[in-house]
Each structure stands twice: as structure tokens, then as C-alpha cells.
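> Quick one: the structure is below, and I'll ask about it shortly.
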Amino acid sequence: MTGIFRGVVPAMVTPFSDGAVDEEALRRHVDFLITSGVHAVLPCGTTGESPTLTHAEHARVIEIAVSEARGRVPVLAGTGSNSTREAVEMSVHAKKAGADGLLLVSPYYNKPTQEGLYRHFKEVAREAPLPIVLYNIPGRCSVEILPETVARLAKLPEFVGVKEATGDLNKMIRVIELCGPDFLVTSGDDGLTLPLLSVGGGGVISVAANLVPGELVRFWNLWEAGDLAGARALFFKLLPLFRTLFLETNPIPVKHALYLAGRMGPETRLPLTEPSAPVAEKLKALVAEWGASA
């Protein structure tokens, strides 16, 4: 299976300083990820605190990611919304800014039917024709894109894949079964990457790759080279790191770890807060263990 967003794709954090987007730290982070060998970058996803970015900030973060990537890797821009009109507007902007594809989360809060989901995504594709990766995360959105709906959308040329964050490997297998080997099913959970690859998945949209991109790329390269034993050993070595980064709501732990590693400031935006003291201590040990300093 080949695909533009196959492999290791960091779901990038958005650095803040004094309440504003820290554009210089963002540029440094994009460059760090790319020079570490990742296969694409994803601005304005959940890990990028997209729900608390203003529309102007959202647009600017995507512009910076495209500008700093300089064509070295594709840019998959998060442009989802629970308003179809807003999703269209953000997607049209991303296309004009030079993004290579769109990540579209299922509309949250208003809980559309499967038909509503289908029409929502189809309308964005009509207005902003770019390769689209669906983002299926019912734990945050309270609505799931069922495998049959994914398969229905996969028949349209713009829809090239889905980021699966259901935590349900059986559902992911069903998507692969219905959509075939050319449709990208990528893990939205670092800890399920190896199991998903084993049944035909095509990579990971990763939180941990913000902190240790080189290790995730090394894992991917071992898998691609057919070294299952090596990939499995590295995966199990990384599992405690994955778990630590999800001890509290993402991106609280990973952003604090990046701060401890000297890569950016620690700011998150309310309602997200700094990590609790016990989690902060575990993150300090994590950064020391992995040598994830600037």
C-alpha cells in the first residue's frame, strides 16, 4: 500500500507564549520533526489545541507549517468542525495556503446521523478538493463514523484514509476489510500502532512523535524492512512512554514534556491546565530516560 500520508505523522502541538501562538517555536518544531525523518506533519489537530485556536490563529498555524515544511514532507491540515460551513471555510483556506491534504474530524456535540456525516464530509470535499483523511474519535466527538460510512466515502476520489482513534481494533479491521488495501487506515493511538500494522494499517498519526520522532521513524523503518522482531522490541520499549503521555488529557503531558526538553514553553489554554504534580514528576523522569532534550 502506498499513500501520501502513510508512515509516521506527528499530530503537532501548538506552542504558545503569553497567550499567543509562538510562531518561532512552531517553526523550530516543524523543522525538528522533518529533520528527524517523519513522513508528514499535521497542524491543528487535537494535539494542537485546535478547539481553542481562533480562526485567524488556525489559519496562521497552517500557513506556518506549509511555509516551514517547504515541500520536504506533505502537510495534512486539521480543518474539521461541527459546523459544515466552518469546516468548508477552513478547508478552502488550507487548500489556498498550500496544504497537501485535510484531516476532518467527525462533527462533535451536535451528533449527526450517519447520513449527516456522509453529507458533511462530501460537502467539504466538493468545496475544497484535496486528499482527505477522516478522523474517527468518538470519545471526544460522541459520534462514530461507522465502517460502512467510511466505506461509502472511500468510493469518492478525495477520501484517501481514516485516522482511527476508536480504540476498537475490530472496527479498524472492518474498515480495512470494506475499503481494501489502497485505503489508508492509520492509528490515532500510539499504543495500537503495531497491532493495526499487522492487519494492514498504514502508519500512525502520533502524539509521541512530537517528543521522540526519531524513535517512531526507526520503529516504522524496522517494520517496513520486514524486521518484525526488531519492530516489536522497539514498540514494547516505547509502550511505557506512550502510556505516560496519556496519564492526563492530551496534549497536557506531551506539551509539558516538550517544555522539560527545552523545545518550547509550557503554556496550554484553558480549559486545559498544567499537569498535576505526580504526572509532572513522571514526565521529568520520562524526558531524562529518553534523552529528549533540545
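> Net charge within 14 Å of Leu146 by Cβ-Cβ distance, Lys/Arg positive one each and Asp/Glu negative one each, not counting Leu146 itself?
Around Leu146, the surrounding residues sum to -2.
> While we're on this one: Per DSSP helix of 4 or more residues, -39500 (n - 2.57); summed, then divided by the residues of the chain. What does that give at 222 nm, rounded to the nearest 500?
Per the formula, -14500 deg cm²/dmol.
> Starting with the fewest neighbours, write out Thr249, Thr113 ranked by other beta-carbon atoms found within 10 Å of each beta-carbon.
Least crowded to most crowded, the residues run Thr113, Thr249.
> Still on this structure: What order do you get for Glu127, Glu68 when you list them from fewest to most C-beta neighbours inside 10 Å?
By the 10 Å Cβ count, ascending: Glu127, Glu68.
> Among Lys111/Lys163; Lys111/Lys255; Lys96/Lys255, which pairs are too far apart, with a Cα-Cα distance over 22 Å?
The answer is Lys111/Lys255; Lys96/Lys255.
> Calculate, in nm to one decimal, what Glu289 and Glu23 gain on full extension: separation in residues at 0.36 nm each, minus their alpha carbon distance.
Once the chain is fully extended between Glu289 and Glu23, it gains 92.9 nm.
> Given points 7 Å out from each Cα along the Cα-Cβ axis, report the Arg269 to Glu115 separation in nanometres with one decimal.
The modelled label-to-label distance comes out at 3.6 nm.
> Cα to Cα, under 18 Å, and not fewer than 8 places away if on the same chain: which lysines meet these conditions relative to Lys95?
Leaving aside lysines fewer than 8 places away in the same chain, those within reach of Lys95 are Lys122.
> Moving to a separate point now. Give me the net charge of Leu26's neighbourhood, meaning all other residues with Cβ under 13 Å from the Cβ of Leu26; Lys, Arg count +1, Asp, Glu -1.
Net of charged neighbours comes to -4.
> Could you give the dipole magnitude of the chain about its Cα centre, charging the beta-carbon of Lys and Arg +1 and that of Asp and Glu -1, in debye to the nearest 20?
340 debye
> Based on the mean of other Cβ atoms within 10 Å per residue, sort peptides 184-194, 231-241, 93-103 so the most packed one is first.
184-194, 93-103, 231-241
> Please figure out what share of the DSSP beta bridges in the stretch 7-227 is antiparallel and state it in percent, rounded to the nearest 5.
Antiparallel: roughly 10 percent of the beta bridges in the stretch 7-227.
> Sticking with this one: For the pair Asp227 and Arg72, how long in nm is the line joining their label points, each one 7 Å along Cα→Cβ?
Simple spin-label model gives 2.4 nm for this pair.
> Pop the C-beta distance of Thr249 and Lys96 into the FRET formula with R0 = 45 Å and round what comes out to the nearest 0.05.
0.90
> So, one more: Taking 0.36 nm per intervening residue step and subtracting the Cα-Cα distance, what contour gain separates Glu177 from Asp31 on full extension?
Stretched out fully, the Glu177 to Asp31 stretch lengthens by 48.9 nm.
> Can you figure out the FRET efficiency of Ser142 with Ala56, using R₀ = 35 Å and their beta-carbon distance, to the nearest 0.05?
Calculated value: 0.80.
No lab work stands behind these numbers, since they all come straight from the coordinates. Every value quoted in this text rests on a predicted model; they were computed, and no experiment measured them. We place every Cβ from the backbone using ideal geometry, glycine too, and count neighbours over all the protein chains shown.
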